[in-house]
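These notes concern the structure reproduced below.
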Amino acid sequence: MSRIRCPEPPLVPESPCSTVCGVSGLDAFFILVAGIGAGAINAVVGSGTLITFPTLVAFGMPPVTATMSNAVGLVAGGVSGTWGYRRELSGQWDRLRWQIPASLSGALLGSWLLMHLPEKLFETIVPVLLILALALVLLQPRIQAWAKKRSTEETTLSTSRLMLLTAGTFAVGIYGGYFTAAQGILLIGVMGAILPETLQRMNGAKNLLSLLVNIVAAVMYISLAFDQINWAAAGLIAVGSLGGGVLGARYGRRLSPTALRYTIVVVGLIGLWRLLA
């Protein structure tokens, strides 16, 4: 993949859709809006990558570049979303001290795999991962209902369940470091199957763990694949997701979950069509 460079000063006046480091004005607008949506969605339910990743791919960005740029950009939104749910983290730190190392180590492995496995393999796998992620979005109401029911049935966390939770968190970390899309929903599914916690408290833990995975992945990509990141797109997603994370944490519970899900699915299908075209 070629290095992203800002264009030389034009010899003739540019059109209204001028370029900024290789991203046209119109593309930049849609990427910024996608970042806002992703930040808000990640704070509430997860799967915001299913807005930003297909948007980047639809504008012609190679899948690996899109994944790396997206992961770097969404760190800002993860910070604001996690901060907005900080109260829900109270009383969870004894368990999170096991989950956090699992997420970090999984993210290291997943991001390493993305950078070292053949790009052609990723391009082959990513449509399957995208379909899986979209299916999880559609199944999310059932996953959440199941998680809520489990939280009322269980009152304690045994050592064996804690070990199972740690292993599941590690596996989701690998997935998140490799692709990121819908890792939040996967985490809710894993925690909901094991934890005696309310859904909102699990959502707070999910935001923190997803943020840590994105930070690890972003640091790996910046350190080892700097030239493969589209920094204009990453910056736009960062600005958008930062504001979106604040909005999602503050107002997200008032939004229609059904409308959110179908928006994610429509944008995801557009990206899938662009990948397969």
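We did not get these values from a lab; they are worked out from the coordinates using the rules stated. Not measured: the values here are computed from a predicted model.
Taken one residue at a time, the phi angles of the stretch 197-203 give Karplus couplings (6.51, -1.76, 1.60, θ = phi - 60°) of 10, 6, 5, 5, 5, 5, 5 Hz. Gly and Pro are set to x. Evaluating 6.51 cos²θ - 1.76 cosθ + 1.60 at θ = phi - 60° for every residue in the stretch 133-138, the Karplus couplings come out as 5, 5, 5, 5, 4, 5 Hz, glycine and proline recorded as x. Under the classification rounded if a/c is under 1.5, otherwise prolate if a/b is larger than b/c and oblate if not, where does the stretch 31-182 fall, given a ≥ b ≥ c as square roots of the Cα gyration tensor eigenvalues? Prolate is the answer for the stretch 31-182, as a/c is 1.5 or above and a/b outweighs b/c.
Under 5 Å from the amide H of G48 lie the amide H atoms of N42, A182, each residue being 5 or more positions distant or on a separate chain, with H modelled from the backbone and absent for Pro and chain starts. Note on the stretch 23-276: along the principal axes its Cα atoms extend 53, 38, 29 Å, ordered by decreasing extent. Note that the stretch 226-234 has calculated 3J(HN,Hα) couplings of 3, 6, 8, 8, 8, 6, 5, 5, 4 Hz, one per residue in order, obtained from phi through the Karplus relation 6.51 cos²θ - 1.76 cosθ + 1.60 (θ = phi - 60°); glycine and proline are x. Under 1.5 on a/c is rounded, so check that first for the stretch 185-252, then, if it is not, pick prolate when a/b is larger than b/c and oblate when it is not; a ≥ b ≥ c are the square roots of the alpha carbon gyration tensor eigenvalues. Oblate.
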